[in-house]
Amino acid sequence: MKIGCRVFLAIALACLSIACRSNQGSSDTGASGPSVVRMHLPKDPASMSLIGKTDLNTEIVAMRLTDALVQHDEKLVIRPLLAESFDLSVENKTITFRLRDNVRWHDGEPVTADDVLFTIAKLREPETENRSWAPDLSALTSLEAPDDRTIVATYSEINADALEAWRTPILPEHIAAKDADLFNGEFARHPIGCGPFKFVHYIRGQEIVMEANDDYWGGRPEIDRLEIKIFSDQQTAYQALMMGDLDIMVMSSNLWKQVDESPQAERFVRTSYMRYSVWALGWNQRESSFFSDARVRRAMVLALDRESFIENVAEGMAHIGATTFPPSSIWAAPDVEPYGYDPDEARRLLTEAGWVDTDGDGVRERDGRRLAFSLLVARGSQQLTEWMSAWQQQSWAAIGAEMTIDQLEWQTHRERRKALDFDVAAQAFHITDPNMTTLYHSDSMQDGYNFWGTNDPEIDRLLEAVRYTFDPDERLAEMHRLQRRLHEQEPVTALFFFVAPLVYDKRLEGVRPSPLGYANTIHGPREWSWAQEASR
Amino acid sequence: MWPTRWPIHVCAVHRPGRWPGPLKRGLALVGVLAVAALAAPWVAGDPLRIDLTATLQGPSAGHWFGTDALGRDLGSRVLHGGRISLAIGLLASTLSLAIGVPLGALAGFRGGWTDSAISRLIETLACLPTLLLAIALLAMAPAFLNGIPDVVRVALVVAFSGWIPVARYMRGEFLRLKKAVMIDAARASGATDLRIVVRHLLPASLAPVLVTASFAAAAAILVEAALSFLGLGIRPSQPTWGRLLSDAREQIDQGWWLAVLPGLALYAAVLGFNLIGEGVRALLDPRTRGA
Amino acid sequence: MLRRVATRLATGALTLVLVTALVFALIQLAPGSPLGATEDGLKPLTADERAALTRLWRLDLPLHRQYVLWLGDVLDGDLGRSILDRRPVATKIAERLPITLTLNAIALFLIVALSIPIGAAAALNPGSRADRWGGVATYLLYAVPVFWGALLLQRLFSVWLGWLPLYGSGGVEGIPRPSHLVLPVVCLSYGGLAYVSRFVRANLLESIPAETVLSARARGMSRLAILYRHGFRLAAVPMLTLAGFLIPALFAGSVIVESVFQLPGLGWLFLEAAYERDFPVLLGITLISGTATLAGILFADVAYALADPRVRRA
């Protein structure tokens, strides 16, 4: 036993000592180095080309490196950024932008209207796979630059949200135009922009590092370096935060509680902000489906005790929605109240709609058909999704409906939705503007996102009204009317709007969270700074 | 994942005529689990019943195993989960035997080209680690197995990745048996081949089949649990042991009962079947008798 | 004997081709066009985009041509492009390979380094109480499912004691911190350690006949010396046959361990590719693990043939 024992003990002791030593963390990177802020992303951006394969992550990166002509502020109002002014003409169906003077790319070349023309042309190419703005530019008939600083965009038809598409980052033509393949070319390897930060390096799966742009037209950012760490797992990111490798982080609700209980709680500010992300149920409303009757849809919502779920399972980190208009947004109609929890009313509605349990098996029938349907859910990395599905299943069983869960990976989920092969589909939507046409308009059944088959002339009319009313007050009134109608008809049930818990180092100043995130608006990291003596 | 043949007879010595210790313990474990699983619908509550006012409570009088994040009784989930896990495990191992025993026996008995061809097939599939093969199958072929109930679908996949060790083992056993029986046949004059097969080979192969059946059951239960744990098993509404452990993983900092208790049940099942396999092998293998 | 080795390698190559063909066929049988993977957010693909992407991924060619083309690419070092992010599969694999190799190398080292002394120590006093209890303990340890063991270890060492980190590689420059590798390596290796140490013990006991031991003891040799003299030489050879088992076991273990501990390695990439139906990545990793396993089996067979005196004569 001697040799074996000794060897084993030696190795065990060695391992333990290494482990304990390196667990102390590395919270000091040097007392008087450059000031660095570390934030995190849950996964790599799909592309570093800044306009290709756009998703939330690419936007966060792109917004740091290069500016757009206009951008949202924290109330989601469009404000000029790279453009010093813009003018939307309804009669002429044009938008005219005037570029700021003396803005330069990171390599010193001046930013001109040609760059804008190039960028727009590029992102409208199908290979670029720009999902965020290209579709909204489909009505663009011409784009001209009468001089170096003016851009005139002419549309075949213009609507009140036309400016949204101009939040696209602008690329330098003199560099990006030389790449045959934007995704894998020189530009994607080293993106050059005109934004507050300059690209330093990108290690896939690890980090994206940027440094401050001294010549930024809006003033140099206070911090010297911005490092975006990529942690695909919350726990890992949380530990990095605790060890000082991250300075700011959005986390799940039970991690947020853990911060409080951790011995390092005083180092951090704990706050939360409402996100315009909604977990919604899309009811297949076609004739032959279970949910063509609005009463059935309303019954389903009434059977869910949402408040209790929020309190007991989601740690209070969510709000109930009445429609897909976020309740905390400026567009929300104050008189539209979400449905509460009323299972008796739900049962009454089902009976009224003709669904009755005749054979006593606990499931209602109508014309020989059982109220047994399936919920289409995408396989998610969040445990919460599974809990929601299980909770729905049980709640509906209590009112006589049998639900099975079809949990599929994203791709199949999308395909089945497109093929209209579902009864009800659950998914998250990220709302960035009040234009809900693609979700509800009857025309969107073919080309849009209206997989549920909503076909209500009143909703169509109101959607068009919202889209083409330019006077802000009138537009708001139309939005309210739309919400009332949506609430009545309940084509899509907005179950929960999630609140994002945010934790960041106390010494970090200038953090202004918005429904789009803490780094996604015209503000964001360019306004962050460390309190005087704490430069890291 | 590891070879199922433990490299030392677990019951090296036992008295002839009595069952080896491990066999008894194995049967006890599996027996208790089987009875509990069968009795679940009558003994345990509804595994799906959500009670949002009683979430994440520890073991108590009302809930012997505690509750999970949705207030569901963990004990009844473990028991009902046992039904499904054991059912899939047994179904899958039966299918594995149905494929593996004939193929392995054929290869061992016939030899020559048949053996080469089957051995090639076995080797090809053996290059893909069991779990990887099962994951790939489950993820890649949901649709052409779509009309079938979930349990059967998962069992088929587990069986497909599990028949290889069975075939290998049976091939080895038949090679051995062939030699043993040939000697007898040579001695017994005038006996036809068929008689040899029926009178000698089949009864002699009963023991190996029982042994490999137990190990196959253990492996099948383990693979199914791994697949459920990784989120690839049966539909999420049904609890299985693997899924319960996967739930526990999300809440690793919450109740200990979430991780420990379902795992214990799984462990008991796997250990039980493994012990039965070892025990049967010792019991029926003449080499370990006495001495 | 050289002929035997050559034949073995030839059949091995045949098997490899069969492996890739099999996996390719399986994946093609699955429904679901890879085109679905690029739809994002609220705006679906147009017909133009769809046609361009179909050409890009050779989806319009017949199956056997796709396979042959793919095989040609592989031999060139091109494993295709991932459907998810259009990056070369080989690159994605190369990025994730270091962590998997590190974990498995450490695990393998631990298994071999620790199981030999442990097995030898157990062989010194066969039948003693310590030996029997040791046997029971290793058997029980071996039967613990990897993912359960991982959860228990996490609970004990991370949550309760706070000694070790819970997840992730903790790496700042892409190099994982040692403390983050402790639990994953333990999970990967405990099964192997239990198995191989018993294997060593059994082999040592079998290869040294009882009479030799008795006569050596009679001459005054300590048990340890006997082991050195006779045992290790003879036991080393059968240990090589384990290579064929260790490699697939470690791969399968990697999938679970990397997934539970959130380490960005090949196993986790495989799982992600399975979830997202990323066929090229799935195929690529299968090819690699199949090749590695086959290499291990062949190595074991050839080494056994070379070393075993009985076979050498044949």
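The values are calculated or read from the model by the stated rules, or taken from the named source; none is laboratory data. As the structure is a prediction and not an experimental result, all values here were calculated from the model. Positions of Cβ are backbone-derived with ideal geometry, glycine not excepted, and every protein chain shown enters the neighbour counts.
Per-residue answers, yes or no, for (1) within 19 Å of A:Pro491 (Cα to Cα); (2) away from chain B (no Cβ under 14 Å); (3) modelled with pLDDT of 90 or more; (4) surrounded by 20 or more Cβ atoms within 10 Å (Cβ to Cβ):
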position	(1), (2), (3), (4)
A:Leu349	yes, yes, yes, yes
A:Val377	yes, no, no, yes
A:Trp396	yes, no, yes, yes
A:Thr404	no, no, no, no
Checklist entry - Of C:Ala274, C:Ala249, which residue is within 22 Å of C:Leu151 (Cβ to Cβ), free of Cβ contacts under 8 Å to residues at least 60 places away in the same chain, within 8 Å of chain B (Cβ to nearest Cβ) and within 13 Å of the chain's Cα centre (by Cα)? => result C:Ala249
Checklist entry - Just one of the numbered conditions (1) among the hydrophobic types (A, V, I, L, M, F, W, C); (2) in contact with a Pro (Cβ under 8 Å, 6 or more places away or on another chain); (3) closer than 24 Å to C:Glu258 by Cα is not true of A:Met249; which one? => result (2)
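Matching residues to (1) of a type outside the set (Val, Ile, Thr); (2) over 30 Å from A:Gln235 (Cβ atoms); (3) at pLDDT 80 or above; (4) assigned by TED's automatic domain parsing to the domain that holds C:Leu59:
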site: C:Pro209; (1), (2), (3), (4): yes, yes, no, no
site: C:Phe251; (1), (2), (3), (4): yes, no, yes, no
site: C:Glu258; (1), (2), (3), (4): yes, no, yes, no
site: C:Arg277; (1), (2), (3), (4): yes, no, no, no
site: C:Gly290; (1), (2), (3), (4): yes, yes, yes, no
site: C:Ala295; (1), (2), (3), (4): yes, yes, yes, no
Checklist entry - In the stretch B:42-55, how many residues are more than 13 Å from chain A (Cβ to nearest Cβ), exposed (fewer than 14 other Cβ atoms within 10 Å of the Cβ) and in contact (Cβ under 8 Å) with a residue 12 or more places away in the chain? => result 1
Checklist entry - Within the group A:Arg364, A:Arg298, which residue is touching a residue at least 12 places away in the same chain (Cβ under 8 Å) and over 30 Å from A:Leu76 (Cβ atoms)? => result A:Arg364
Next on the checklist: All but one of (1) more than 30 Å from the chain's Cα centre (by Cα); (2) within 10 Å of another protein chain (Cβ to nearest Cβ); (3) at pLDDT below 65 hold for C:Leu224; state the number of the condition that does not hold.
Outcome noted: (3)
Next on the checklist: If I filter the stretch A:72-85 for residues that are under 27 Å from A:Lys43 (Cα atoms) and surrounded by 22 or more Cβ atoms within 10 Å (Cβ to Cβ), do I get at least one hit?
Outcome noted: yes
Checklist entry - Do any strands (runs of 3 or more DSSP E) entirely within the stretch A:238-355 hold 3 or more residues that are within 30 Å of A:Ala531 (Cα to Cα), and if so, which? => result A:248-250, A:268-283
Checklist outcome for this item: Restricting the stretch A:425-445 to residues that are in contact with a helix residue (DSSP H, G or I) (Cβ under 8 Å, 6 or more places away or on another chain) and among the aliphatic types (A, V, I, L, M), the one surrounded by the most Cβ atoms within 10 Å (Cβ to Cβ) turns out to be A:Met436
Next on the checklist: Would you confirm whether or not the stretch A:464-477 contains a residue that is crowded, with 22+ Cβ neighbours inside 10 Å and either among the charged types (D, E, K, R) or under 23 Å from A:Trp279 (Cβ atoms) (or both)?
Outcome noted: no
Checklist entry - Would a scan of the stretch A:109-117 turn up a residue that is of a type in the set (S, T, N, Q) and not in a loop (DSSP other than H, G, I, E, B)? => result no
Next on the checklist: Can you go through A:Met300, A:Met251, A:Met210 and tell me which one is under 30 Å from A:Arg416 (Cα atoms) and touching a helix residue (DSSP H, G or I) at 6+ places or on another chain (Cβ under 8 Å)?
Outcome noted: A:Met300
Item to check | Only one of A:Asn184, A:Asn130 that is assigned to a loop (DSSP other than H, G, I, E, B), touching a helix residue (DSSP H, G or I) at 6+ places or on another chain (Cβ under 6 Å) and within 12 Å of chain C (Cβ to nearest Cβ) | outcome: A:Asn130
Item to check | Failed item, numbered, when A:Pro169 is tested on (1) within 14 Å of another protein chain (Cβ to nearest Cβ); (2) closer than 30 Å to A:Phe470 by Cα | outcome: (1)
Next on the checklist: Looking at the stretch A:216-235, can you tell me whether even one residue there is in a helix (DSSP H, G or I), crowded, with 17+ Cβ neighbours inside 10 Å and of a type outside the set (A, V, I, L, M)?
Outcome noted: yes
Checklist entry - Which one of A:Glu157, A:Glu164, A:Glu144 is charged (D, E, K, R), modelled with pLDDT of 85 or more and part of a helix (DSSP H, G or I)? => result A:Glu164
Checklist entry - Identify, please: which residue in the stretch A:356-375 is part of a loop (DSSP other than H, G, I, E, B) and acidic (Asp, Glu) and is, among those, surrounded by the fewest Cβ atoms within 10 Å (Cβ to Cβ)? => result A:Asp367
Item to check | Extreme residue, nearest to the other protein chains (Cβ to nearest Cβ), among residues of the stretch B:244-271 that are within 13 Å of B:Asp68 (Cβ to Cβ) and among the acidic types (Asp, Glu) | outcome: B:Glu250
Checklist entry - So how many residues does the stretch A:492-519 have that are under 19 Å from A:Arg267 (Cβ atoms) and of a type in the set (Phe, Trp, Tyr)? => result 2
Next on the checklist: Given the criteria at positive phi and at pLDDT 80 or above, does B:Gly242 qualify?
Outcome noted: no
Next on the checklist: Suppose we keep only residues that are aliphatic (A, V, I, L, M) and surrounded by 14 or more Cβ atoms within 10 Å (Cβ to Cβ) within the stretch C:114-132. Which one would you say is farthest from the other protein chains (Cβ to nearest Cβ)?
Outcome noted: C:Ala123
